[in-house]
Amino acid sequence: MLVEGENYRTVWMEGSVVKLINQLKLPREFSVFSCSGYRDTADAIRSMVVRGAPAIGATACYGMAQAALAGVSLDVAEKELGTTRPTANDLQDAIKHFKKNFNGKNAVEVAEGYANKSIERCRKIGEYGEKLIKNNSKILTHCNAGWLGCVDYGTATAPLYIAKQKGRNFFVWVDETRPRLQGAKLTSWELMQAGIDHAVIADNAAGYFMKKGEVDLVIVGADRIAANGDVANKIGTYGKAVLAKENNVPFYVAAPASTFDLKAKTGKDIKIEERDENEIHFVENTRVTPAKSKARNPAFDITPMKYITGLITEEGILNPWEKPESLL
Ligand code: MRU
């Protein structure tokens, strides 16, 4: 996507160095973060320099390529990269892809192939999903399921970008997404770059706008989708889905086949990452809770399939209980 008129993707490789748009600095500063070895790349995923399911998948694939170039055993690299974040299925999908396809081939080309396929998947999600974006409609999204969370286009935002290219006019409500503020910091920045009209709202405000009839459609991304259609996504997604059902607002999940985990029978089989409680205690380095209060910080939740209107995939818009054909 374009940043100040220049074309960028979230992750790429130069020689043996993995380059990432540094998401910890946005929106205040646009800068590129360099990882010179697979361990640096694993650290970048862990510390959220890069985040979002397809983006961390592609980054891990490049990390595997770095390990191969350095002559490190792929099993050792898998152990390091594959345990950086537990919930996103794309991470495992990407590592599996690299191990299956490398066989002494050009390591960078194998990772590049995965990243390019990921871009194509998101572009197709956009082509199918744009039909849902009606002229003059209002769409709500949660977290960052934009191009920064993928390699390009995004999952939930791909339909928005394609609809915009086709000349449609619409407005986006952006949930701020406590505690890491992916909506406030990243989605808003992306939409701003793309010239899409939007407003950031507190996470608690979505129900207010739905009840007033000011939300026509919700689109979110996913980190892992179980075989029965239950969806793991950023904490707060479940609440938005329940509110959408209560207010008769269609609720779509946009995700590529790489996010589906058919080994997880239901949402109960999905591991939910619980992050450091200081992400709750501190806002921009200032402690806002009493010194002795405890906090809990689950990073994702499960939205049961019954709340989902449809799944926007690169293979078409599916019923929430269906899976992409390529996985069957
Ligand atoms: O903790 P994060 O920022 O990696 O979580 C990201 C999300 O939950 C996104 O909504 C998800 O990956 C959607 S696809 C980009």
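Points to keep in mind about this one:
- Too-long pairs where the Cα-Cα distance tops 22 Å, listed order kept, from 185/271; 79/263; 134/185: 185/271; 134/185
- Prolate/oblate/rounded label for segment 128-327 (Cα gyration tensor, a/c 1.5): oblate
- Relative contact order %, segment 1-109, counting alpha carbon pairs below 8 Å whose residues are six or more apart: 23 percent
- Take the Cβ atoms of residue 211 and residue 295, set R0 to 35 Å, and the FRET efficiency comes out at 0.75.
- Given their separation in residues at 0.36 nm each and the Cα-Cα distance between them, residue 266 and residue 30 gain 81.1 nm when the chain is fully extended.
- For the chain, adding -39500 (n - 2.57) for each run of n ≥ 4 DSSP H residues and dividing by the number of residues yields -9500 deg cm²/dmol at 222 nm.
- Under 5 Å, built H, 5+ apart or other chain: amide partners of residue 283: 288
- Of the DSSP H helices in the chain, those with a Cα length along their own long axis of 15 Å or more and a mean Kyte-Doolittle hydropathy reaching 1.0 comprise 53-69.
- Fraction of antiparallel bridges per DSSP, the chain only, in percent to nearest 5: 55 percent
- Whole-Hz Karplus values for segment 184-201 come out as 5, 8, 9, 4, 4, 5, 4, 5, 4, 4, 8, x, 9, 5, 7, 9, 7, 10 Hz, taken residue by residue from phi with 6.51 cos²θ - 1.76 cosθ + 1.60 and θ = phi - 60°; glycine and proline positions read x.
- Restraint check, 25/292; 166/323; 166/211; 100/268; 19/99; 138/245, Cα-Cα greater than 19 Å: 25/292; 166/323; 166/211; 100/268; 19/99
Here, each number is a calculation from the coordinates, and none is a lab measurement. Predicted, not measured: the structure shown is a model, and the values here were computed from it. Cβ: placed from backbone, ideal geometry, glycine included. Neighbour counts: every protein chain shown.
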